[in-house]
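Values in this text are rule-based calculations from the coordinates and carry no lab data. Computed from a predicted structure; not experimentally measured. Cβ sites come from the backbone with ideal geometry, for glycine too, and all protein chains shown count toward neighbours.
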Amino acid sequence: MNDVDARMDRLRRAARYRYQQLVESEIERGSLDPDEVREERRLLKAADVAAHARAQIEEAERRGVFEGNPYHGKPLPGLDGQHDPDWWIKSKIEREDIRGIAPPALALRTEDAELDDHLDALSVESDVRDVLVDFNARVKEARRQLLGGPPVVTPMRDVDSELQAWRERREARMASAARAAEQALAGARPRRWWRRRS
């Protein structure tokens, strides 16, 4: 703390002491309501705490404590005004990519979002059909159970339309791979320049 800060701190404490003495004498005379005084003191303490917090943050910024912090200068996530009592477990599950322990509704939502990529990794149509039938059976079973937790809003997949979409995506991938192979082959062919002999 430099000399100016120390002097300002002494002045603040002296002003606070004089104010408290004045308020107490006014309460004794009966010209001030004790409830109003209590509320005013609470507000003054809150202002002091806020000023102290701001000073501590500014000092930490000067020292470079916040450098490398991914949230420096950005709003903190999860401060949207809505309180979720399970925020900590949801963030841990998401951060550490924990699977298999979430309630069925959350697990099925996650699986539904990743299902197309999982299907695209399969190469046999019967395997795709088996995965879709199994997924629909688990969605149906989760809707029947009344275990509590969030409601199951994951839609069931229409097997025939999903198979058709899988075939179209597969054909598009195969055509794209064939075009890439042709371009690579065309680029790899050596060009021959014939010279005339004179």
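Annotations for the structure displayed:
- Computed from the Kirkwood radius of its Cα pairs, the Stokes-Einstein diffusion coefficient for the range 64-104 at 20 °C and 1.002 mPa s stands at 169 µm²/s.
- Efficiency of FRET between ALA113 and ALA53 - r from beta-carbon atoms, R0 45 angstrom, step 0.05: 0.65
- Difference of contour (0.36 nm per residue) and Cα-Cα distance, ASP35 to LEU106: 20.6 nm
- Listed values for the range 85-95 are Karplus-derived 3J(HN,Hα) couplings in whole Hz (6.51 cos²θ - 1.76 cosθ + 1.60, θ = phi - 60°), namely x, 9, 4, 5, 6, 5, 5, 5, 4, 5, 5, and x replaces Gly and Pro.
- The range 38-156 - Rg and Dmax from Cα coordinates, angstrom: 23.8, 76
- Each other residue within a Cβ distance under 14 Å of ALA175 adds +1 if Lys or Arg and -1 if Asp or Glu, for a net charge of +2.
- Near TRP87, once Lys and Arg are set to +1 and Asp and Glu to -1 for all other residues with Cβ below 14 Å from its Cβ, the sum equals -1.
- Backbone N under 18 Å from the VAL124 label point (7 Å along Cα→Cβ), restricted to the range 134-175: 134-135, 163, 167
- Estimated distance in nm for a label pair at VAL133 and ASN69, the labels positioned 7 Å out from Cα along Cα-to-Cβ: 5.6 nm
- Between ARG42 and SER161, the simple label model (points 7 Å from Cα in the Cβ direction) yields a spacing of 5.7 nm.
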